[in-house]
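This report concerns only the one structure given below.
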Amino acid sequence: MKTNAVVVEHTYNVPALKIWRGLTDNNEIKKWYFQLKDFKPKVGFKFDFIGGADDGEQFLHLCEITQIVAGAKLAYTWRYDGYPGNSEVCWELAEKDGKTRVVITHTGIESFAENGKDFSKDSFTAGWTYFLSDALKRYIES
């Protein structure tokens, strides 16, 4: 089976702890990512949110945390209410000399293929690139 993993990375001139807080503290998450009702960085925690392109359809995302390595790794399932398919998003942080490299790997997106263009590899790549190169960067610099 052909896989269509999306991998996007960016390096920031800040310690990993600042980025980690932005990924795991719900008050910080809301400043740059999605508006979550609640978020707890522990395996098995389930969360959901509404999201989609600003000018397009909005989707209910259903997620469950699958892995946590404090300060270094956060992974969760990613699927859509009412649509077939299931995937996993993994955030990995690596700090060196006060700079932090963030890598997002989104696997399993091929399971969304029959759902239309909003679920294409190009759409996921554009979304994750936006979150790393724009939204997270603005959050860190604020």
Exercise. Specify which of the listed residues (134, 54) is exposed (fewer than 15 other Cβ atoms within 10 Å of the Cβ) and under 28 Å from residue 15 (Cβ atoms).
Key: 134
Quiz item: Can you find a residue in the range 73-88 that is over 29 Å from residue 113 (Cα atoms), surrounded by 14 or more Cβ atoms within 10 Å (Cβ to Cβ) and touching a helix residue (DSSP H, G or I) at 6+ places or on another chain (Cβ under 6 Å)?
Solution: no
Self-check item: Residues located in the range 89-121, provided they are touching a helix residue (DSSP H, G or I) at 6+ places or on another chain (Cβ under 9 Å), of a type in the set (S, T, N, Q) and in contact (Cβ under 8 Å) with a residue 60 or more places away in the chain
Solution: 100
Exercise. Quick one: count up the residues across the range 111-127 that are more than 17 Å from the chain's Cα centre (by Cα) and under 14 Å from residue 77 (Cα atoms).
Key: 1
Exercise. For the range 97-106, state whether one or more residues are within 14 Å of the chain's Cα centre (by Cα), surrounded by 15 or more Cβ atoms within 10 Å (Cβ to Cβ) and of a type outside the set (A, V, I, L, M).
Key: yes
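Read the figures in this text as sums done on the coordinates, not as results from a lab. The model shown is predicted, which means the values in this text are computed figures rather than measured ones. All Cβ positions, glycine included, derive from the backbone under ideal geometry; neighbour counts span all protein chains shown.
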